[in-house]
1. Restricting to the range 38-66, name every residue that is polar (S, T, N, Q) and open to solvent by 70 Å² or more (accessible area, probe 1.4 Å).
2. Which condition number in (1) open to solvent by 70 Å² or more (accessible area, probe 1.4 Å); (2) touching a residue at least 40 places away in the same chain (Cβ under 8 Å) is the one that Lys125 fails?
3. Looking only at the range 166-191, how many residues end up being open to solvent by 50 Å² or more (accessible area, probe 1.4 Å), closer than 13 Å to Leu136 by Cα and either within 13 Å of the chain's Cα centre (by Cα) or not basic (Lys, Arg) (or both)?
4. Ile116 - would you say it is part of a helix (DSSP H, G or I), of a type in the set (A, V, I, L, M, F, W, C), modelled with pLDDT of 95 or more and under 16 Å from the mean Cα position of the chain (by Cα)?
5. Among the residues of the range 30-37, are any open to solvent by less than 70 Å² (accessible area, probe 1.4 Å) and more than 23 Å from Ala183 (Cα to Cα)?
6. Please go through the range 5-50 and give me each residue that is in contact with a Lys or Arg (Cβ under 6 Å, 6 or more places away or on another chain), of a type in the set (D, E, K, R) and not in a loop (DSSP other than H, G, I, E, B), ordered by number.
7. If you scan the range 75-124, which residues turn out to be touching a Pro at 6+ places or on another chain (Cβ under 9 Å) and of a type in the set (Val, Ile, Thr)?
8. Search the range 66-78 for residues that are under 17 Å from Phe17 (Cβ atoms) and in contact (Cβ under 8 Å) with a residue 24 or more places away in the chain and pair each with any residue that is open to solvent by less than 50 Å² (accessible area, probe 1.4 Å) and assigned to a helix (DSSP H, G or I) when their beta-carbon atoms are under 6 Å apart and the residues are at least 6 apart or on different chains.
Amino acid sequence: NLLEDLISMNKKPIGVFISGRGSNLESIINACKDENFPAKVVCVFSDNANAAGLQFASKNNIDTHTLDLNNFESKGHYEEEILKLLKPYNIELICLAGYMKIITDKLINSFPNRIINIHPSLLPKFKGLNTHQRALDAQEVESGCSVHYVNSKVDDGKIIMQTSVAIEKTDNADTLSKKVLKAEHELYPASIIKLLRK
């Protein structure tokens, strides 16, 4: 029994939501391989059946689920179906890792203060999209990434952890994106440790 195994290893079950390549998913799954890491990814959900991250999850023997929002008459029905899929896993924490759908109160209220997201800027600066170009256009000297709780507004919840990277004069949106992504891969597992070791 997976849950009994997790309890004996002192690991809490977490779920990860993705829409694409899932590089943060990979960093979380790899972190979970450490016996001292306080979590284990028990399921991966995607709104995109072709998300590359699903293959990585399957290779690591993690259950994957996909649903297409277009097949539902409303986002409420869609999220009800997601909740049904998640129920058997007794998930402690949902980690959004490049999940490109806005989550509504139905899901948020079912997991109060247990849904977190990573965003490629030093929030509250540069919420939303095109963060790297916007940081460059604003002539910032540093950027970075933030892990925050999810609420009903975009990139608005309480910040859990942040890390910064220097912006060099030679940086463009692509080079800055790579630097920030590298920082994300360290920050996300560190934030999970912080939350689950309370």
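1. Asn50, Gln55, Asn61 - these are the residues of the range 38-66 that are polar (S, T, N, Q) and open to solvent by 70 Å² or more (accessible area, probe 1.4 Å).
2. (2)
3. Step one: filter the range 166-191 for residues open to solvent by 50 Å² or more (accessible area, probe 1.4 Å), giving 166, 168-170, 172, 174-175, 178-179, 182, 185-186.
Now narrow it down to the ones that are closer than 13 Å to Leu136 by Cα: 166, 168-170, 172, 174-175.
Restricting the remaining residues to those that are either within 13 Å of the chain's Cα centre (by Cα) or not basic (Lys, Arg) (or both) gives 166, 168, 170, 172, 174-175.
Here the count works out to 6.
4. Numbers: part of a helix (DSSP H, G or I): no; of a type in the set (A, V, I, L, M, F, W, C): yes; modelled with pLDDT of 95 or more: yes; under 16 Å from the mean Cα position of the chain (by Cα): yes.
In short, no.
5. Applying the first criterion (open to solvent by less than 70 Å² (accessible area, probe 1.4 Å)) to the range 30-37 yields 31-32, 37.
Now restrict to residues that are more than 23 Å from Ala183 (Cα to Cα): none.
The answer is no, given that none of the residues of the range 30-37 is open to solvent by less than 70 Å² (accessible area, probe 1.4 Å) and more than 23 Å from Ala183 (Cα to Cα).
6. Once the filter is applied, which keeps residues that are in contact with a Lys or Arg (Cβ under 6 Å, 6 or more places away or on another chain), of a type in the set (D, E, K, R) and not in a loop (DSSP other than H, G, I, E, B), the range 5-50 yields only Lys40.
7. Taking the range 75-124 as the starting set, the residues that turn out to be touching a Pro at 6+ places or on another chain (Cβ under 9 Å) are 89-93.
Matches in the range 75-124: Ile91 only.
8. Going by the 6 Å Cβ cut-off, the qualifying pairs are Leu69/Tyr78.
The values are calculated or read from the model by the stated rules, or taken from the named source; none is laboratory data. None of the values given here were measured: they were computed from a predicted structure. Neighbour counts run over all protein chains shown; Cβ positions are idealised from the backbone, glycine included. Each accessible area value is taken on the protein alone, full model and side chains, heavy atoms only, with ligands, DNA and RNA left out. Shrake-Rupley method; radii C 1.70, N 1.55, O 1.52, S 1.80 Å.
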